[in-house]
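Reading through the C-alpha cells given below for one structure.
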Amino acid sequence: KSRLYSGMQPSADSLQIGNYIGALLNWKELQQSHDAFFSIVDLHAITVAQDPAKLRENTRRTAAQYIAAGIDPSASTLYVQSHVAAHAQLAWILNTITGFGEASRMTQFKDKSLKQGADATTVGLFAYPTLMAADILLYQTSIVPVGEDQRQHVELTRDLAARFNSRFGDTFTVPEVAIVKETAKIYDLQNPTSKMSKSAESHAGVIWLLDEPGVTKKKIMRAVTDADGGVVFDRENKPGVANLLTIYSVLAGVSVQSLEDEYAGRGYGDLKKGLVEVVAGTFDPIRLRVQELLDDPAELDRLLAVNAEKAASVANETLAVAYDRVGLLPGR
Ligand code: ATP
Ligand code: MG
C-alpha cells in the first residue's frame, strides 16, 4: 500500500464544513487503499496565538471529529503531531535549505500575516510550510490529500524533497498532491469569494460540524446569494448559489445538474431549506458520536498514544537518515 499523509489544525473547538468536504471525505475514501497517516497538527496551530487550555481540549475534539467522520484509528495512524518529536527536528533541517524569498512567496503566510499585522506575526507562522514539509516527508509519503489552499505548500514540499535528495543523496519520496477539483474550496456563506476557515474573524458565514442544528439553519437561511433568483451553477457571476449547490451536491450525493433541475423555477429559500435538511442529516450522527468519544477522554488519549508510537517508529527512521546525510555527528 502506498503512503498517504494529511492533517488539520486544532485551531477551533469544531471543524468547519470545508474541512469535512475538502479533506475528511477524501481521507475516508483513500484510507481503504493506502497506508494512511492522519495528524492533528497542534504545532501548526500555535503559529497563531492559542489559549493553552483550549488548545488541549481542541486537540482531543479534533481527534474525535476525525473518528466520528469515519477515520478508522485501527486501520489508519491517527496521532497528535507534537507527540512525535521528529516533526520539529526535521523542520529545522528543512529550514536550512529553504530560501527566505521562497518562503516569502507563500500566499497563506501573506494572507494570515496581513490579517494579524506585522507585530503579531511570528517566525513560527513564516516557517509553517517547512514544518508541513517535514510532516509529509518523514513518512515517505506518496500522496497528500488536501484542499486547494494547501497546494502551494505541497509544491514547496516537493521542491524541498528534490533539493535535499540532489544535495545530500536520495532520502525522501517526492509526494504528489491529491485535490478533488469540485470540492477543493468551500466558501464562506457571508463572503462567497473567500475560503471558509476555522480562524475566520466572523463566524456568521462558517458552518461548524458541531453546531446545534438551529444555529446552522439560521446561517444557511441567511447565506449571501444574488438578485438574479435562478438556481443555476455559475461560479463567476453567482458565487453564493454555486457554493450552496456544491455543498448540497456533495453531502446529498447527487449531481449539481440534478439539483438545478429539481429547483428550477423555485426560489433560493427552497434550495436553502433543502440544504438545511441535508446538512443536519450528515452532521447530527457525527455530533452524537463526537460526544460519546469525548465522554471517555482516557480511551481517546490511549488511542492517540498507541498511534503516536506507530508514527514515531516510521518518522524516526527517516529523521536518522536525514541527520546522517546532512553530516550531523551521531550521538550515542
Ligand atoms: P485555519 O483557519 O486555522 O487555517 P482551516 O479551516 O483553514 O483553519 P486547516 O486546519 O488549515 O483548516 O486545514 C485542514 C484541511 O482542510 C486542509 O487540507 C485544507 O486544505 C482543508 N480546507 C480548509 N478550508 C477549506 C475549505 N474552505 N474548502 C476546502 N478545503 C478546506
Ligand atoms: Mg488553514
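A few comments on the model shown:
- The distance from the alpha carbon centre of region 92-170 to that of region 1-67 is 18 Å, rounded to a whole number.
- Working value for region 200-332: equivalent-ellipsoid semi-axes of 45, 22, 14 Å, each the square root of 5 times a Cα gyration tensor eigenvalue, largest first.
- Reach of Lys115 by Cα under 16 Å, taken over aspartates and glutamates that are not fewer than 8 positions away in the same chain: Glu201
- Normalised contact order of region 1-67, rounded percent, pairs of Cα under 8 Å and 6 or more residues apart: 52 percent
- Net charge over other residues, Cβ less than 12 angstrom from the Cβ of Tyr66 (K, R count +1; D, E count -1): +3
- Percent of alpha-carbon pairs separated by more than 22 Å within region 1-152: 40 percent
- Under 5 Å, built H, 5+ apart or other chain: amide partners of Leu78: Phe38
- Around the amide H of Ala178, modelled in the peptide plane, lie the amide H atoms of Val144, Val146, all under 5 Å away and 5 or more residues distant in sequence or on another chain.
- Compared with the direct C-alpha span, the chain from Asp72 to Asp261 gains 64.4 nm at full extension, assuming 0.36 nm per residue.
- A simple spin-label model places pseudo-atoms 7 Å from Cα toward Cβ; at Ser194 and Arg151 they are separated by 2.1 nm.
- Counted charge near His83, where neighbours are those whose Cβ lies closer than 10 Å (Asp, Glu -1; Lys, Arg +1): -2
- Theoretical ellipticity at 222 nm over the chain - DSSP helices of four or more residues, -39500 (n - 2.57) apiece, nearest 500: -16000 deg cm²/dmol
- Contact order, relative form, for region 209-332: 24 percent (alpha carbon pairs under 8 Å, 6 or more residues apart, mean separation divided by residue count).
- Projected area averaged over orientations for region 221-277, convex hull of C-alpha atoms, nm²: 3.4 nm²
- Estimated inter-spin distance, Arg56 and Ala103, nm [label 7 Å along Cα→Cβ]: 3.0 nm
- Region 118-161 gives an Rg/Rh value of 1.03, both radii derived from C-alpha positions and Rh following Kirkwood.
- Mean separation of Cα pairs under 8 Å and 6 or more residues apart, divided by the residue count, gives the chain a relative contact order of 22 percent.
- Within the straight-line cut-off of under 16 Å between alpha carbons, the lysines reachable from Lys112 are Lys195, Lys198, sequence neighbours fewer than 8 places apart in one chain being disregarded.
- Two-site label geometry, Val123 and Ala305: point separation in nm, points 7 Å out along Cα→Cβ: 3.4 nm
- For region 162-224, diffusion coefficient by Stokes-Einstein and Kirkwood Rh (Cα), 25 °C, 0.890 mPa s, µm²/s: 166 µm²/s
- All-pairs Cα distance distribution in the chain, expressed in whole percent, bin size 10 Å: 5, 25, 32, 24, 10, 3, 0, 0
- Amide H contacts under 5 Å for Ser2: Asp35, restricted to partners 5 or more places along the chain or on a different chain, H placed in the peptide plane at 1.01 Å from N.
- Beta bridges per DSSP, both residues in the chain: antiparallel share near 10 percent.
- Under the membrane-span-like helix rule (DSSP H runs whose alpha carbons stretch at least 15 Å along the helix axis, mean Kyte-Doolittle hydropathy -0.5 or higher), the chain yields 128-138, 239-252, 268-294, 297-326.
- Per-residue SASA remark: Tyr187, around 40 Å² accessible (1.4 Å probe; ligands, DNA and RNA not included).
The values are calculated or read from the model by the stated rules, or taken from the named source; none is laboratory data. Since this is a predicted model, take the numbers as computed values, not measurements. Heads up, the Cβs are rebuilt from the backbone with ideal geometry, glycines too, and the neighbour counts pull from every protein chain shown. These area figures cover heavy atoms from the full protein model, side chains too; ligands, DNA and RNA do not enter into them. Shrake-Rupley method; radii C 1.70, N 1.55, O 1.52, S 1.80 Å.
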